[in-house]
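Q: Take this structure first; my questions come after.
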Amino acid sequence: MPLKRPSRSSQISPSTAIKTLLLGAAIAFPYLTDARLYMVAAIDVFIMAAFAMSYDLLLGFTGIVSFGHALFFGLGAYLVAIVMKSSGASWLPFLAAVLLTVVLAVGLAGLIGVLSLRVRDVYFAMVTLAFGELFAIGVEKWRTVTGGSDGFNFRLPEFLIDKNHVYFLSLFFMLASLLILRRFVNSPVGRVLLAIRENEPRAQALGYNTLHYKQISILVSGTVASLAGVMWAVAHRFVSTELPSLNRTIDALLMTIIGGTGTLYGGIVGSLTMRVIHDVLSGFSSSHIIFNRWLLIFGLIYILIVLFFPAGIIGSAAKMIGRWKERHPQIS
Amino acid sequence: MSSMLKVEDLHAFIGQFHILHGVNLGITTGSIAVILGRNGAGKTTTLRSIMGLVPKLEGSITFDGKELIGLTPEIIARLGIGYVPEDQAVFSSLTVAENLRLVARNKEARAREEMVLELFPDLKVAWTKKGKALSGGQKQMLAIGRALINPNRLLLIDEPSKGLAPVVIEKVIQAVSKLKDHTTVILVEQNYLVASHLGESYHLLDNGRTVHTGTMEELRQNDDLRKRYLAVG
Amino acid sequence: MSIVITLMLNGLANGMLIFLIAIGVSVIFGLMGIMNFAHGALFMWGAYAGVTTYLATGSFLLGIAASGIVSALWGLAMERLTLRQVYGNHLAQILVTMGALLVLTEAVKAIWGPNIITVGTPTVLRGGWEVGGVIFLRYKLLTIGIGLGIFAGLQFLLNRTRLGMMIRAGVENPEMVRALGIRIRLVFSLVFALGAAVAGISGMILAVGQGAFGPDIGLSNQLLAFIVVVVGGLGSVTGTLIGAVLVGVTTSFMAYFLPDLAMAVNVGLMALLLLVRPQGLFSN
């Protein structure tokens, strides 16, 4: 017979404790180390985590695949970069560029949704791929404005140049994205999205205009992704054609799948995991050429996860903990 | 006489729905058995279960002593079972000839084309027509003929009279009654008149269960049973 | 006027190549409901394997054979090892084929390096004729010839053979095909391998025609193939041919007058079609 558990209403749950601990560590991080290299990596992890979470909203919560997500990322990054380059390092044009990013992201997401959602689900993947590639080609060809594949540097307001400021801003941005997206998926609209993912015909039969709901999901996801692009531009003060490329979308896809779809947190776990493994593998690249092709290794891991562990790290861990608790009910 | 096909306590599940709750059938060689029952009684699901087209099954289906549950439709078909679904599933972009030749697995089967055309002379007339250009009766004959091309020992036919004009139904009845010389037949039929013309034994399904079994003669005399389950007097 | 005819000819040759890539995408989707996002990688493998063989042996025909065989083997491996596990799960299929695109592309970079490979045009493809100001390049004519030849071969296969009947019947109603005792999985594998082989051969032809190519050859051509199947209608052979010629000719004219906007016009064509006729020009 399992022992009766003591009442834990006054206690903090383990997951809350872990989250608080991690958040504390993230806040303390800049003061613990003066190695700037890790700061840059941490900033990238935060921004990419937000980008991956916006991807999870589509893949994990709506059940549709986008292969053009980097379009929004690149849009935000290039808009800020172009505006800042031509206007100088002041706040007003910066904020105007952010606002314009949101407006354009919503408009583009709307257009893509209208074109692709009416036929069949796979068209969304095809049309987003086409628009994403078109955008990437456009950025490369429009050299007078974008600098072509070389990219360009630009200046920012003084405040945004301090690495500590950027660090906390990115951390804040990731947490804000997490909270907003979580709020969204728990809202009535989010519930309908889950119903669509599980069984679209049934959601339709219940009288929901599923097209409408998917459209909202695309708009929210695209907006967050474009702001992640803005953050990336701020953090690096440099943009290049690598930002709107398919590889950037694949990064988000890999992070979401490896971390775990339909969890949001999976984006954070995936972003961190990929960065760490990437840096470790790159360290080996002098010993064998294959480590230069780390995407090959990630691709194989990704395929195995899709085939055999569709829940990813977070989902699989949750399952394992659940099973372990079942077997050991007295401990917990 | 021993049973060629035996279905014991069959349960079928589609998605989250429990469709069959215990179907039992025993079909003897060389007979025409009719499965009767109201709409939604589980007749079509029973045939689809035998064919391996229902993913989740419990119970037992044996054909010549071999368990069929767990086998794929293509293996079940190759054991010698032909299937004529409710909607006939004639391939609309294929001609009559192609619909037949598609299924012929060997030379012997191709040689049976003659036999099928003798049975259904209408098909010879429509030989080069595409499936979509056929009339309802022609589609039905093509679907049955297609199931006969390979030397199948058991034929599952789902509601051959559905949606056909009375004159055409007459033709289909004649055709099916001639099948007895070639193969054993399980016929699902809503139309009691058609069923009683053709069937030798009956299996009555209700709410996914076998509720009654016997010879067709017994059913003809049991007014109460017919009224209760088939709403015919 | 002669420039228009020359451009039409170029467009026709482009279109034939795009048709050869797109037909695999279209038929595989029609039969199995799978949109193969790795098709461009199979095309790319054809180019690399074919050109490598050609450079090593000096035989263009051996190169063509190698491109078809290698791509077919990759296609077969993909279908057997990955897609077979997720039949019926559309989301997982899209994700797995995208993973295959990534892995196959990275594998090419690991073997051949990320840089551009140059290849001389084989003698059979060199030169051409000028008739009344219109230039007939041998390469373009041969491409059109090979394209038409494969189109005719596919038509024969689909309309005159039992495998073709199985494919057409399977596109309509795969369940019934199985219930008639046909091993549809075997048909799936064959179609996948065949589609991959045709894509691989077209990759080889394109690579040799361009004279230089890199690892981005896969994605850009896959994109054209997708545009073609959206325009032509999924699963329709004729629709794919007409869509491909349309895109090929458009690209050819754009490349002459406004090369920077070629892709924009093609994507625009797709967008327009999705607006006015989302099921494609030739869909049932």
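Q: Out of C:ALA179, C:ALA197, C:ALA169, C:ALA193, which single residue is surrounded by 22 or more Cβ atoms within 10 Å (Cβ to Cβ), within 23 Å of C:LEU83 (Cα to Cα) and touching a strand residue (DSSP E or B) at 6+ places or on another chain (Cβ under 6 Å)?
A: When all the criteria are applied, what remains is C:ALA179.
Q: Can you spot a residue in segment B:82-98 that is away from every other protein chain (no Cβ under 14 Å), aliphatic (A, V, I, L, M) and over 18 Å from the mean Cα position of the chain (by Cα)?
A: No: segment B:82-98 contains no residue that is away from every other protein chain (no Cβ under 14 Å), aliphatic (A, V, I, L, M) and over 18 Å from the mean Cα position of the chain (by Cα).
Q: Would you point out which residue out of A:LEU253, A:LEU243 is touching a Gly at 6+ places or on another chain (Cβ under 9 Å) and part of a helix (DSSP H, G or I)?
A: None of the other options fit; the residue is A:LEU253.
Q: Assuming C:TYR87 fulfils every condition listed in (1) in contact with a helix residue (DSSP H, G or I) (Cβ under 9 Å, 6 or more places away or on another chain); (2) touching a residue at least 60 places away in the same chain (Cβ under 8 Å); (3) hydroxyl-bearing (Ser, Thr, Tyr) apart from one, which condition is it?
A: With (1) in contact with a helix residue (DSSP H, G or I) (Cβ under 9 Å, 6 or more places away or on another chain); (2) touching a residue at least 60 places away in the same chain (Cβ under 8 Å); (3) hydroxyl-bearing (Ser, Thr, Tyr) applied to C:TYR87, the lone miss is (2).
Q: Pick out, from segment C:1-112, the helices (runs of 4 or more DSSP H) lying fully within it that include 1 or more residues that are within 18 Å of C:GLY209 (Cα to Cα).
A: Once the helices (runs of 4 or more DSSP H) in segment C:1-112 are filtered for at least 1 residues that are within 18 Å of C:GLY209 (Cα to Cα), what remains is C:2-32, C:39-57, C:60-81.
Q: Hey, another quick one. Do we have B:MET4 as within 19 Å of B:MET216 (Cβ to Cβ), buried (at least 16 other Cβ atoms within 10 Å of the Cβ) and of a type in the set (A, V, I, L, M, F, W, C) here?
A: So B:MET4 fits the description; yes.
Q: Hey, another quick one. Within segment A:111-125, track down each residue that is in a helix (DSSP H, G or I), more than 24 Å from A:ILE82 (Cα to Cα) and more than 20 Å from the chain's Cα centre (by Cα).
A: Matches in segment A:111-125: A:VAL114, A:LEU115, A:SER116, A:ASP121, A:VAL122, A:TYR123.
Q: If you scan segment A:155-188, which residues turn out to be surrounded by 13 or more Cβ atoms within 10 Å (Cβ to Cβ), over 26 Å from A:LYS85 (Cα atoms) and basic (Lys, Arg)?
A: A:ARG182
Q: If a residue has to be in contact (Cβ under 8 Å) with a residue 24 or more places away in the chain, part of a strand (DSSP E or B) and touching a Ser or Thr at 6+ places or on another chain (Cβ under 9 Å) to count, how many in segment B:60-88 make the cut?
A: Adding up the residues that qualify gives 3.
Q: Counting residues that are within 14 Å of chain B (Cβ to nearest Cβ) and more than 21 Å from C:ALA13 (Cβ to Cβ), which helices (runs of 4 or more DSSP H) fully inside segment C:151-233 reach at least 2?
A: Correct list: C:162-172, C:174-179, C:184-210.
Q: In addition: Residues of segment A:279-299 being out of contact with any helix residue (DSSP H, G or I) (no Cβ under 6 Å at 6 or more places or on another chain) and either away from chain C (no Cβ under 13 Å) or part of a helix (DSSP H, G or I) (or both), which ones?
A: A:ASP279, A:VAL280, A:SER282, A:GLY283, A:SER286, A:SER287, A:ILE289, A:ILE290, A:ASN292, A:ILE297 - these are the residues of segment A:279-299 that are out of contact with any helix residue (DSSP H, G or I) (no Cβ under 6 Å at 6 or more places or on another chain) and either away from chain C (no Cβ under 13 Å) or part of a helix (DSSP H, G or I) (or both).
Q: Need at least 2 residues that are at pLDDT 90 or above and closer than 26 Å to B:GLU108 by Cβ per element, so show me which helices (runs of 4 or more DSSP H) inside segment B:123-215 make the cut, counting only ones lying wholly within it.
A: B:136-149
Q: Would you pick out the residues in segment B:128-167 that are more than 26 Å from C:ARG160 (Cβ to Cβ), of a type in the set (Ser, Thr, Tyr) and surrounded by fewer than 21 Cβ atoms within 10 Å (Cβ to Cβ)?
A: Result: B:SER135, single match.
Q: Find all pairs meeting these conditions: Cβ atoms under 7 angstrom apart; at least six residues apart or on different chains; first residue within segment A:11-32 and on the phi < 0 side of the Ramachandran plot; second residue of a type outside the set (Ser, Thr, Tyr) and outside any loop (DSSP other than H, G, I, E, B).
A: Pairs that qualify, where the first residue is on the phi < 0 side of the Ramachandran plot and the partner is of a type outside the set (Ser, Thr, Tyr) and outside any loop (DSSP other than H, G, I, E, B), are A:ALA26/A:LEU171; A:PHE29/A:ALA42; A:PRO30/A:MET39; A:PRO30/A:ASN164.
Q: Let me ask something additional. Do you know which of the residues in segment A:1-40 that are in a loop (DSSP other than H, G, I, E, B) and of a type in the set (S, T, N, Q) is modelled with the highest pLDDT?
A: A:SER13
Q: Mind counting the residues in segment A:58-110 that are within 25 Å of A:PHE124 (Cα to Cα), of a type in the set (A, V, I, L, M) and not in a helix (DSSP H, G or I)?
A: Matching residues across segment A:58-110 total 2.
Q: Right, another one. Only residues that are surrounded by 15 or more Cβ atoms within 10 Å (Cβ to Cβ), outside any helix (DSSP H, G or I) and of a type outside the set (Lys, Arg): list them for segment B:94-120, please.
A: Selection gives B:LEU94, B:THR95, B:ALA104, B:PHE120.
Q: Looking at C:VAL70, C:VAL86, C:VAL103, can you tell me which residue is modelled with pLDDT of 95 or more, within 14 Å of chain A (Cβ to nearest Cβ) and out of contact with any strand residue (DSSP E or B) (no Cβ under 9 Å at 6 or more places or on another chain)?
A: C:VAL103 is the lone residue from the list that is modelled with pLDDT of 95 or more, within 14 Å of chain A (Cβ to nearest Cβ) and out of contact with any strand residue (DSSP E or B) (no Cβ under 9 Å at 6 or more places or on another chain).
Q: Determine whether segment C:56-74 contains at least one residue that is within 14 Å of C:ILE34 (Cα to Cα) and surrounded by 21 or more Cβ atoms within 10 Å (Cβ to Cβ).
A: no
Q: When C:GLY113 is evaluated against the numbered criteria (1) within 14 Å of chain A (Cβ to nearest Cβ); (2) surrounded by 15 or more Cβ atoms within 10 Å (Cβ to Cβ), which criterion, by number, is the only one it fails?
A: Among (1) within 14 Å of chain A (Cβ to nearest Cβ); (2) surrounded by 15 or more Cβ atoms within 10 Å (Cβ to Cβ), the lone unmet condition for C:GLY113 is (2).
Q: Could you tell me whether any residue of segment C:242-259 is part of a helix (DSSP H, G or I) and within 11 Å of chain A (Cβ to nearest Cβ)?
A: Yes, some residue in segment C:242-259 is part of a helix (DSSP H, G or I) and within 11 Å of chain A (Cβ to nearest Cβ).
Q: It is to be established whether one or more residues within segment A:103-126 are away from chain C (no Cβ under 14 Å) and crowded, with 21+ Cβ neighbours inside 10 Å.
A: There is at least one residue in segment A:103-126 that is away from chain C (no Cβ under 14 Å) and crowded, with 21+ Cβ neighbours inside 10 Å.
Q: Confirm whether A:ILE268 is buried (at least 18 other Cβ atoms within 10 Å of the Cβ) and without any contact (Cβ under 8 Å) to a residue 12 or more places away in the chain.
A: Answer is no for this residue.
Q: Moving on to the next point. Give me the residue from segment B:30-59 that is assigned to a strand (DSSP E or B) and surrounded by fewer than 15 Cβ atoms within 10 Å (Cβ to Cβ) and, out of that set, modelled with the highest pLDDT.
A: B:GLU58
Q: If the requirement is being surrounded by 14 or more Cβ atoms within 10 Å (Cβ to Cβ) and in contact with a strand residue (DSSP E or B) (Cβ under 7 Å, 6 or more places away or on another chain), which of these qualifies: A:ALA50, A:ALA81, A:ALA97, A:ALA41?
A: Sole residue among the options that is surrounded by 14 or more Cβ atoms within 10 Å (Cβ to Cβ) and in contact with a strand residue (DSSP E or B) (Cβ under 7 Å, 6 or more places away or on another chain): A:ALA81.
Q: Being under 18 Å from the mean Cα position of the chain (by Cα) and more than 7 Å from chain C (Cβ to nearest Cβ) is the filter here; which residues of segment B:100-120 pass it?
A: Across segment B:100-120, the qualifying residues are B:LEU100, B:VAL116, B:LEU119, B:PHE120.
The values are calculated or read from the model by the stated rules, or taken from the named source; none is laboratory data. Small disclaimer: the values here were computed from a predicted structure and weren't measured. Neighbour counts run over all protein chains shown; Cβ positions are idealised from the backbone, glycine included.
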